[in-house]
Amino acid sequence: MTEQNKIFEIPLYPYERSSDQDTETPVRHPVIIIGAGPIGLGAAIDLAQNGVPVVILDDNDKVSFGSRAVCYAKRPLEILDRLGCGKEMVEKGVEWNLGKVFFDERQVYAFDLLPEDGHEFPAFINLQQYYFEEYMVNRIRELQGQGAPIEIRGKNRVEAIGTHDDFVRMEVDTPDGPYMVEAEWLIACDGANSATRKMMGLDFIGRIFEDNFLIADVIMDAEFPTERWFWFDPPFNKGQSALLHKQPDNVWRIDFQLGWDIDKDEELKPENIDKRLRAMLGEDLQYELEWSSIYTFQCRRMESFHHGRVIFAGDAAHQVSPFGARGANSGLQDTDNLVWKLKLIMDGKAPESLLDSYDYERVHGADENILNSTRSTDFITPKSDMSRILRDAVLDLSEHYEFARPLVNSGRLSVPCTYDGSPLNSADALEGGPARTRPGSPCPDVPLGDDFLLPQLADRFTLLTIDAEAPDEFEEDGITVTRLALSVKDDKTLALKQRYLGDADSGVYLIRPDQHVAARRDVWNENLFRAALRRTTGKE
């Protein structure tokens, strides 16, 4: 057992008997979350930071075994920074922007995922999921020390769920026996094999893929650069694909495509993994195998993510292939979208129908991810001889011709979703404004002297004015919007103008608590921005 493996053995939230287990009638909590993976922990931290009492239930008491999700994109890192643990993850993680694609033994092209400056966070980091979860549990302990209303209960397995109009009742099994508990709202973040989904008789729609892939996490000293390397039809895995990525602690993630009809037990034998690794990296390879697994995958989702008082997020709501790092990255954007809406509803400042927009926006995000993930899978694993001939021709052309490179699909890497067509958006009224900040878009970061823009847009409604006059704040139906006044004259990088004004001379933006644009115009108009606020809180 290596030093970093010891984290798997330590209960980070060991079982403790709760006072809920000693009451005659079930205790009702405002919010209960099932699942202490990255998505459930993220939702709980967000709720607690917003003053919403929350209890997390999980049948485990430790972090995940193995690296699992390892690749985290810039937008989720920005969300994690708002949750108080993004910078710590970046410090531990391995930063990378560059990727290379190989066909056989030839490099056919390379790409840069963050070609512009002026962002606080990198395009991607690689970080093992066990570290990710440990940092989030540490953040929960920090919040508890500050008196935040958040509790995590290990070895609490939900065995039955009963739904009602205004609450959910659960039977929970523990080492001390079962007890009943209730929640006004239940958020299911219990993963791809969600027991919550099954107990409620709900299912996925979409495609199931038959290809098998071997993950090998290998500890070794290697001089490979910190880049994403993807091979089509390499000599060490003929007719298939492979992926190489660096993680912290000299751990390297290596994926081998295996094909359809395989003997999984045989493929997972250490001596057979060893043969694959030495064929790829050389016979004199010195390494330690930290973790290995074989996976298949689905590109599917639930038809609706919220069912009365039960809301699904992350892999419990949707599944994609691992190509493109869209799983955990997408799940964090689910809860980022959900929590501010749920708080408004619980505070009586928005109707419950606001959750319909969670369905619209995050189903839209899931469909976008499933489309890109399915296309990646079809390119990586051709289903016919003709498909393979066309795929190989594109790879050959991409070595010499730039037009062919966008057609190469080794996994379209995760980008944040723009909620085009959302019922919460107002019509775009900033003539000449950049497309990247149209209503529905996530706000891009901008350097502001020694600081950055996004931390100033967190957890509240913001009126961002750029060379425009407006009141310092305004209130509508108990919701306060606070002004942030900026000027392009103070921005020597020109990023603020390029990303928020374009050809316009001034701009006024209404920004949601999840840092998405709700409305924009060239100047302040009180009636129109009040209407935009009502619209984005589900009142119009």
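The values are calculated or read from the model by the stated rules, or taken from the named source; none is laboratory data. From a predicted model like this one, the values you see are computed outputs, not experimental measurements. Glycine gets a Cβ as well: all are built from the backbone with ideal geometry, and neighbour counts include every protein chain shown. Calculation scope for accessible area: heavy atoms of the full protein, side chains included, ligands and nucleic acids excluded. Shrake-Rupley method; radii C 1.70, N 1.55, O 1.52, S 1.80 Å.
Some values worked out for this structure:
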item	result
Difference of contour (0.36 nm per residue) and Cα-Cα distance, residue 142 to residue 269	41.6 nm
The chain, helix-only ellipticity at 222 nm - DSSP H runs n ≥ 4, -39,500 (n - 2.57), divided by all residues, nearest 500	-8000 deg cm²/dmol
Projected-area average for segment 23-79 over all orientations - Cα convex hull basis, square nanometres	5.4 nm²
Those aspartates and glutamates that a straight Cα-Cα span of less than 13 Å connects to residue 87, excepting residues fewer than 8 apart in one chain	78, 95, 120
Karplus (6.51, -1.76, 1.60) ³J(HN,Hα), θ = phi - 60°, over segment 415-420, in Hz, Gly and Pro reported as x	10, x, 8, 9, 8, 4
At 1.002 mPa s and 20 °C, Stokes D of the chain from Kirkwood alpha-carbon radius, µm² per second	87 µm²/s
Candidate lysines for bridging to residue 343, where Cα separation is under 19 Å - those fewer than 8 sequence places away on the same chain excluded	539
Average Cα contact separation per residue, the chain, under 8 Å, 6 or more apart, as relative contact order %	14 percent
Rounded to 5, percent antiparallel among DSSP beta bridges of the chain	70 percent
Cα-based convex hull, segment 210-318, per residue volume (Å³, whole number)	148 Å³
Partner lysines for residue 489 [C-alpha distance under 25 Å; skip if fewer than 8 residues away on the same chain]	497
Under 5 Å, built H, 5+ apart or other chain: amide partners of residue 16	154
Relative contact order, percent, segment 176-305 [alpha-carbon distance under 8 Å, six or more residues apart]	35 percent
Charge dipole (debye, nearest 20) of the chain; +1 at Cβ of Lys and Arg, -1 at Cβ of Asp and Glu	780 debye
Filter on 62/383; 74/198; 198/341; 92/383 - keep pairs with C-alpha separation over 31 Å	62/383; 74/198; 92/383
Computed over segment 372-473: relative contact order in percent, which uses C-alpha pairs under 8 Å that are six or more apart	18 percent
Radius of gyration and maximum dimension Dmax of segment 136-275, Cα, Å	22.1, 60
Heavy-atom surface of the chain, accessible at 1.4 Å and reported per residue (Å²)	41 Å²
The chain - percent of accessible surface contributed by carbon and sulfur, probe 1.4 Å	46 percent
Distance in nm between pseudo-label sites at residue 387 and residue 220 (7 Å out along the Cβ direction from Cα)	3.1 nm
Table column - 3J(HN,Hα) (Hz), segment 297-306, Karplus curve with 6.51, -1.76, 1.60, x for Gly and Pro	8, 10, 10, 9, 8, 6, 5, 9, 8, 10
